[in-house]
Amino acid sequence: MNEEKYIEKITINDYFELQDIMQGRKNYADFRDDFIYRGINKKSYKLIPSSLRDDNILDYIGSDYNAPFHLKKEDALRLRLNIEDKTHDEQGFYMFKLNKYDEFENGVKVNDEYYLNQFKLGKEMHVLFNFIYYSDRYGLKVPISSNVRKQSLKSVIDIPKIWPQEDYFEIISLAQHYDLPTRALDWSYDYKVSLYFAVRNVLSDDFSLDDENNDGVLWAFNCGYFKSDNTIDDFKVQFYRPEYYSNPNLNAQSGLLTLVVDYNYECDERPINEIILDELENNKQITNEKVVYEIEGLEKFSIPENEKIFYKFIIPRDIKAKVLKQLYGDGYSEERLFPGYAGVTKYIKNKAKLDEILD
């Protein structure tokens with residue numbers, strides 16, 4: 001795939017150059033319309049939700065995790081599972097238990113993608129249901145529907161063919177903002193908020209100018225083409241803005257979430273930029289020498305020649321400290337982005353450390 005057709009990579013020399021680009025003063029369209037932003041502090045990191053990233057979900061599952069799974073005889077035999085000491089239920093299904101590492105009770109590792117994906121989704125739901133259970137148990141508000149509550153109380157998780165369903169978006173957004181691995185990616189309508197997250201690791205004790213991976217990335221996603229008023233059964237990347245009033249951090253950060261919806265136990269682990277670009281390439285038509293995109297669930301559209309879907313701004317590691325100082329001067333500091341006493345004390349500490357770095 002020709003990524004240059006959809007993604008433009010721009011290396012930034014200083015804070016003011018980025019500001020000029022964002023405000024349409026550098027031969028670019030005004031980025032403040034129809035764009036959302038995500039800041040990444042290491043250039044090797046990809047746009048993959050945390051629950052689908054490098055088995056991150058396993059850190060939240062105990063060693064006693066045993067998920068029951070029901071298989072027909074032919075599927076059990078195909079997976080090399082022993083059914084001689086088991087009896088099937090009235091529907092002809094045999095029950096096996098699966099541990100957190102995708103191994104059955106007899107040590108057989110799952111090697112069938114269809115079932116493996118179901119297990120991955122089951123683990124993701126298990127962690128989310130634990131979040132619901134313990135939050136509810138200790139009197140914390142849990143924004144869930146009656147349907148989600150019923151599902152979370154079942155001893156056996158019913159893995160839906162569409163995940164996540166819209167009923168789960170609000171609880172996923174809450175769990176995401178308290179660092180639980182979820183299907184959501186955080187974005188912001190405000191590029192300076194995302195820029196802060198791309199450069200703040202300059203204050204980390206292990207930050208090194210010798211490490212090329214410490215270059216940051218500010219992703220700008222031209223998402224206006226992909227928003228739809230249709231049902232969740234259509235386009236696989238969904239956009240969701242949680243209730244701001246219930247989360248002061250989210251409100252301060254002008255947050256928006258993207259969620260990759262899986263159909264028929266697909267469990268798509270690709271970065272969101274690859275998913276979007278594949279949808280474009282697989283659904284383009286050429287009419288009168290003009291490229292038109294007709295993607296299920298979206299309005300038919302074309303992309304002007306001077307526009308890209310993604311802009312990838314590289315923030316060199318050696319300018320991160322100066323960029324952070326400018327952000328502080330513009331009011332984008334911890335006391336604003338993390339409202340409360342903790343944000344204030346974090347800002348005081350970080351400001352002193354930044355002054356030392358720039359001294």
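Please tell me if Phe207 is assigned by TED's automatic domain parsing to the domain that holds Asp33 and assigned to a loop (DSSP other than H, G, I, E, B). Considered against the rule, which asks whether it is assigned by TED's automatic domain parsing to the domain that holds Asp33 and assigned to a loop (DSSP other than H, G, I, E, B), Phe207 comes out as yes.
Close Cβ contacts (under 8 Å, 6 or more residues apart or on different chains) running from residues in segment 220-238 that are assigned to a loop (DSSP other than H, G, I, E, B) to residues that are modelled with pLDDT under 70 comprise Ser228/Asp234. Can Ile295 be described as crowded, with 19+ Cβ neighbours inside 10 Å, β-branched (Val, Ile, Thr), touching a helix residue (DSSP H, G or I) at 6+ places or on another chain (Cβ under 9 Å) and modelled with pLDDT under 90? Against the criterion (crowded, with 19+ Cβ neighbours inside 10 Å, β-branched (Val, Ile, Thr), touching a helix residue (DSSP H, G or I) at 6+ places or on another chain (Cβ under 9 Å) and modelled with pLDDT under 90), Ile295 qualifies.
Cβ separations smaller than 9 Å between residues 6+ apart or across chains give the following pairs from segment 108-120 residues that are of a type outside the set (S, T, N, Q) to residues that are surrounded by fewer than 20 Cβ atoms within 10 Å (Cβ to Cβ) and part of a helix (DSSP H, G or I): Val110/Leu116; Asp112/Asp75; Asp112/Arg78; Tyr115/Asp75. Those strands (runs of 3 or more DSSP E) of segment 1-94 in which 3 or more residues are outside the structural domain of Lys192 (by TED's automatic domain parsing) occupy 67-72. Filtered by the rule that a residue be acidic (Asp, Glu), on the phi < 0 side of the Ramachandran plot and within 30 Å of the chain's Cα centre (by Cα), segment 25-83 gives Asp30, Asp33, Asp59, Asp64. State whether one or more residues within segment 114-121 are closer than 29 Å to Asp179 by Cβ, under 17 Å from the mean Cα position of the chain (by Cα) and either assigned to a loop (DSSP other than H, G, I, E, B) or modelled with pLDDT of 90 or more (or both). Yes. Selection within segment 95-107: residues that are out of contact with any helix residue (DSSP H, G or I) (no Cβ under 7 Å at 6 or more places or on another chain), in a loop (DSSP other than H, G, I, E, B) and free of Cβ contacts under 8 Å to residues at least 40 places away in the same chain. The member of this set that is nearest to Ile157 (Cα to Cα) is Asn99.
For segment 162-183, residues that are modelled with pLDDT of 90 or more and in a loop (DSSP other than H, G, I, E, B) total 6.
Residue-wise test of (1) more than 18 Å from the chain's Cα centre (by Cα); (2) buried (at least 17 other Cβ atoms within 10 Å of the Cβ); (3) in the same structural domain as Tyr191 (by TED's automatic domain parsing).
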site: Cys267; (1), (2), (3): no, yes, yes
site: Glu281; (1), (2), (3): yes, no, yes
site: Ile286; (1), (2), (3): yes, no, yes
site: Lys320; (1), (2), (3): yes, yes, yes
site: Leu324; (1), (2), (3): yes, yes, yes
site: Tyr328; (1), (2), (3): yes, yes, yes
site: Tyr341; (1), (2), (3): yes, no, yes
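The values are calculated or read from the model by the stated rules, or taken from the named source; none is laboratory data. Since we're looking at a predicted model, the values are computed, not measured. With ideal geometry, Cβ positions are generated from the backbone for all residues, glycine too; neighbour counts draw on all protein chains shown.
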